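A.B. asks: For reference, the structure I am asking about is given below.
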Amino acid sequence: MPSESSIQEFHTTGNFRPAVYVKQYYEYLGDENRAILRFLWRQFQRCPEGADMLDFGCGPTVYQFIAAAPRVRTIHVADSLATNFEAIQDWMAGRPEVFTWREYIQETLALEDSAAVECADILQREQLIKQKIARFLHCDLGAIPLIAGVAEASYDVLMTNYCLEFLPSHIDFEAGMARIFSLLRPGGRLILQFLRRTPDYPVGDYRFSCRQVDEHDFLRILPKCGFPSPTIEYEIVEAEAGLQRPYASFVMMAASKA
Ligand SMILES: C[S@@+](CC[C@H](N)C(=O)[O-])C[C@H]1O[C@@H](n2cnc3c(N)ncnc32)[C@H](O)[C@@H]1O
C-alpha cells in the first residue's frame, strides 16, 4: 500500500494514471460495478430522448455511457486531465492495449433486453457510444467558469461520478456544488456517484485526499440548488468483501432540477 505521507490533493498533481485506475477499480466486474450499471440503466430508462449530457470528471472510463447512449442526443465529456481523454479516445479508436468494457456492455444490454446478447449487439452499442461522444472539454472544479465557453444551464443531464469529492480543499463545499449543479437546465436530471465518508483514494502508488461527504450533505445541499427533496433518490452500496477497497461504501444519487 502507498504510504500515508504520499496523500495529496488531486488538483495539485499529475499523478493519476488512467490505465492503473481502470485496472484497479474496473477490471473486475463484481457486485459493486454491477450495482452501478443497474443504477445507470434505471436512470436512463426514464431519461427523455434527445437530451444533451455532460459527464463532469469523466476519467478514463466508458461504463457510464453504455445505458446513456441510446437515450441522449450528445455526450460531452469533461475532465481536468488530457490523459483521461486520450484513454477514452484510444478506446474509441479500438486500440488493442486498452480495456474494452465489453463485459460492461454485455451486462447492460442484458438488463435492457433479457434475450441473449450477441457479439454484434455489443459492437453496435460500442459504435453508438462513439457516435454520441461529441466533445472533450477541459474542466476544473476549482475554476470560474468550470468549463471555458460553457454557460450555466447548458445540459439536460449532468452526470458526475467519483469526482466531486476531489473538490480542492480551499473551496467551500456547498459553493462548489452550487457552481457545478448550475450547469444543468431547469427540468434536467442530475446523476451523481461519490465515495461515502472516505478520507483518501489510492490509485496505484498515489493517494488522493477526498472531501468526506455522505448522503446527508447532498440531501441538504441539493434542495438549496434547485432540486426539490421529493425528486432525490439514492442508494448506498457497501464495498464488496474481499476486494480491499479503500472505502466502506459509496452512494449513487439522482435528482431532478425544478
Ligand atoms: C476517481 S476518478 C473518476 C473517474 C470516472 N468518473 C469514474 O466514474 O470512474 C476522478 C476524476 O475526477 C477528475 N478530477 C479530479 N479533480 C478534478 C478537478 N479539480 N477538476 C476536474 N476534474 C477533476 C480526475 O481527473 C478524474 O478523472
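The values are calculated or read from the model by the stated rules, or taken from the named source; none is laboratory data. Everything numeric here is computed off the predicted structure, so don't read it as measured data. Virtual Cβ from ideal backbone geometry, glycine too; neighbours counted across all protein chains shown.
A.B. asks: Being of a type in the set (S, T, N, Q) and in a helix (DSSP H, G or I) is the filter; apply it to the stretch 187-236 and report the residue that is surrounded by the fewest Cβ atoms within 10 Å (Cβ to Cβ).
C.D. replies: If we take residues in the stretch 187-236 being of a type in the set (S, T, N, Q) and in a helix (DSSP H, G or I), then Ser229 is surrounded by the fewest Cβ atoms within 10 Å (Cβ to Cβ).
A.B. asks: Limited to the stretch 217-258, what total is found for residues that are modelled with pLDDT of 95 or more and on the phi > 0 side of the Ramachandran plot?
C.D. replies: 1
A.B. asks: Report yes if Pro48 is under 26 Å from Arg17 (Cα atoms) and either part of a loop (DSSP other than H, G, I, E, B) or over 16 Å from the mean Cα position of the chain (by Cα) (or both), otherwise no.
C.D. replies: No, not satisfied.
A.B. asks: Could you say whether any residue in the stretch 116-136 is at pLDDT below 95 and more than 18 Å from the chain's Cα centre (by Cα)?
C.D. replies: Among the residues of the stretch 116-136, at least one is at pLDDT below 95 and more than 18 Å from the chain's Cα centre (by Cα), which makes the answer yes.
One line per residue, one yes/no per condition, for (1) more than 19 Å from Gly57 (Cβ to Cβ); (2) more than 14 Å from the ligand (Cβ to nearest atom):
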site	(1), (2)
Glu174	no, yes
Arg179	no, no
Gly187	yes, yes
Asp200	no, no
Gln212	no, yes
Ala241	yes, yes
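A.B. asks: Separate question: Report yes if some residue within the stretch 141-153 is among the aliphatic types (A, V, I, L, M), within 9 Å of the ligand (Cβ to nearest atom), in contact (Cβ under 8 Å) with a residue 60 or more places away in the chain and part of a loop (DSSP other than H, G, I, E, B); otherwise report no.
C.D. replies: Taking every residue of the stretch 141-153 in turn, at least one turns out to be among the aliphatic types (A, V, I, L, M), within 9 Å of the ligand (Cβ to nearest atom), in contact (Cβ under 8 Å) with a residue 60 or more places away in the chain and part of a loop (DSSP other than H, G, I, E, B).
A.B. asks: Here are the criteria: (1) farther than 23 Å from Asp140 by Cβ; (2) modelled with pLDDT of 95 or more. Tell me which single one Ile191 does not satisfy.
C.D. replies: Unmet condition: (1).
A.B. asks: Quick check on my filter: what residues within the stretch 106-140 are surrounded by 15 or more Cβ atoms within 10 Å (Cβ to Cβ), of a type in the set (D, E, K, R) and in contact (Cβ under 8 Å) with a residue 60 or more places away in the chain?
C.D. replies: Glu107, Glu112, Lys132, Asp140
A.B. asks: Also, quick follow-up: Go through the stretch 120-140 and count every residue that is within 12 Å of the ligand (Cβ to nearest atom) and more than 15 Å from Thr74 (Cα to Cα).
C.D. replies: 3
A.B. asks: From the list Leu164, Leu137, Leu192, Leu183, exactly one residue is within 14 Å of Gln64 (Cβ to Cβ) and not acidic (Asp, Glu). Which is it?
C.D. replies: Values: Leu164 fails: within 14 Å of Gln64 (Cβ to Cβ); Leu137 fails: within 14 Å of Gln64 (Cβ to Cβ); Leu183 fails: within 14 Å of Gln64 (Cβ to Cβ).
Only one candidate passes the filter, namely Leu192.
A.B. asks: Mind checking which pairs have a first residue in the stretch 216-244 that is within 20 Å of Leu37 (Cβ to Cβ) and a second that is among the hydrophobic types (A, V, I, L, M, F, W, C) and in a loop (DSSP other than H, G, I, E, B), Cβ under 9 Å, 6 or more apart or different chains?
C.D. replies: Qualifying pairs under 9 Å: Glu238/Ala248; Ala239/Ala248.
A.B. asks: Show the residue pairs meeting these rules: Cβ distance below 8 Å; 6+ apart or different chains; first residue within the stretch 158-180 and closer than 17 Å to Met53 by Cβ and outside any helix (DSSP H, G or I); second residue near the ligand (Cβ under 10 Å from one of its atoms) and of a type in the set (D, E, K, R).
C.D. replies: Met159/Asp55; Thr160/Asp55; Asn161/Asp55
A.B. asks: Which residues, counting only those in the stretch 25-83, are within 24 Å of Glu152 (Cα to Cα), acidic (Asp, Glu) and within 12 Å of the ligand (Cβ to nearest atom)?
C.D. replies: Asp55, Asp79
A.B. asks: Return yes when Thr74 is within 27 Å of Val237 (Cβ to Cβ), among the hydroxyl-bearing types (Ser, Thr, Tyr) and not in a loop (DSSP other than H, G, I, E, B) and no when it is not.
C.D. replies: Considered against the rule, which asks whether it is within 27 Å of Val237 (Cβ to Cβ), among the hydroxyl-bearing types (Ser, Thr, Tyr) and not in a loop (DSSP other than H, G, I, E, B), Thr74 comes out as no.
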